Amino acid sequence: MVASAVELVAIEEVERLLAQGRVSVFGEAELAYAHARSDPSRRLAARLAAKRAASRAMGGGIAEHEVEVVRGEYGPPELRLAPAARARMDALGAGRALVSLTHERRHAAALVVLVAAR
């Protein structure tokens, strides 16, 4: 393991972002996934938590829109990184990032673990 971080986001924070039309931190795939299911605010809050946790695990300075949470080939979430975020991971010696998401009525959380390259 190279680094890890956990982030907690209040669902109401994402509800405010959505009400204000401030969705630029989310990618098209994230928005489509969330809006195709019940409680999109919870699902987007978990993704926002993952973006922030990824940035923290990489030492900060990675913008939220540079990290996207997508469904993996077999279902679990994966991080899709913009070139700047990928370069930061490479500089840290990380070969991949693992992400775990969870949410409940008022909060969502994410854990991001950067795994060393082989």
Please determine whether any residue of the stretch 20-34 is under 26 Å from Met1 (Cβ atoms), out of contact with any Asp or Glu (no Cβ under 7 Å at 6 or more places or on another chain) and of a type in the set (A, V, I, L, M). no
Output yes when any residue across the stretch 96-118 is of a type in the set (S, T, N, Q), surrounded by fewer than 16 Cβ atoms within 10 Å (Cβ to Cβ), within 23 Å of Val2 (Cβ to Cβ) and out of contact with any Phe, Trp or Tyr (no Cβ under 9 Å at 6 or more places or on another chain), and no when none is. yes
Of the criteria (1) over 21 Å from Val23 (Cα atoms); (2) in contact with a Ser or Thr (Cβ under 9 Å, 6 or more places away or on another chain); (3) not hydroxyl-bearing (Ser, Thr, Tyr), which one Gly61 fails: (1)
Restricting the search to the stretch 66-79, which residues are modelled with pLDDT under 95 and touching a Gly at 6+ places or on another chain (Cβ under 9 Å)? Val70, Glu78
Somewhere in the stretch 31-41, is a residue touching a strand residue (DSSP E or B) at 6+ places or on another chain (Cβ under 6 Å), of a type outside the set (S, T, N, Q) and under 15 Å from Ala109 (Cα atoms)? no
Assess whether Leu31 counts as being among the hydrophobic types (A, V, I, L, M, F, W, C) and crowded, with 20+ Cβ neighbours inside 10 Å. no
Pairs, please: C-beta under 8 Å, at least 6 apart or cross-chain, first residue within 22 Å of Met89 (Cα to Cα) and in the stretch 29-58, second of a type in the set (Phe, Trp, Tyr)? Arg47/Phe26; Leu48/Phe26
I'm checking my understanding of the structure. Among residues of the stretch 1-25 that are in a loop (DSSP other than H, G, I, E, B) and without any contact (Cβ under 8 Å) to a residue 24 or more places away in the chain, which one is surrounded by the most Cβ atoms within 10 Å (Cβ to Cβ)? Val23
Restricting to the stretch 68-118, count the residues that are in a strand (DSSP E or B) and of a type in the set (Lys, Arg). 3
How many residues of the stretch 6-26 are out of contact with any helix residue (DSSP H, G or I) (no Cβ under 7 Å at 6 or more places or on another chain) and not charged (D, E, K, R)? The answer is 5
Residue that is closer than 19 Å to Ala87 by Cβ, in a helix (DSSP H, G or I) and of a type in the set (A, V, I, L, M, F, W, C), where the choices are Ala34, Ala49, Ala53: Ala53
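The values are calculated or read from the model by the stated rules, or taken from the named source; none is laboratory data. All figures in this text were calculated on a predicted structure; none of them were measured in a lab. Note: ideal-geometry Cβ built from the backbone for every residue, glycine included; neighbour counts use all protein chains shown.
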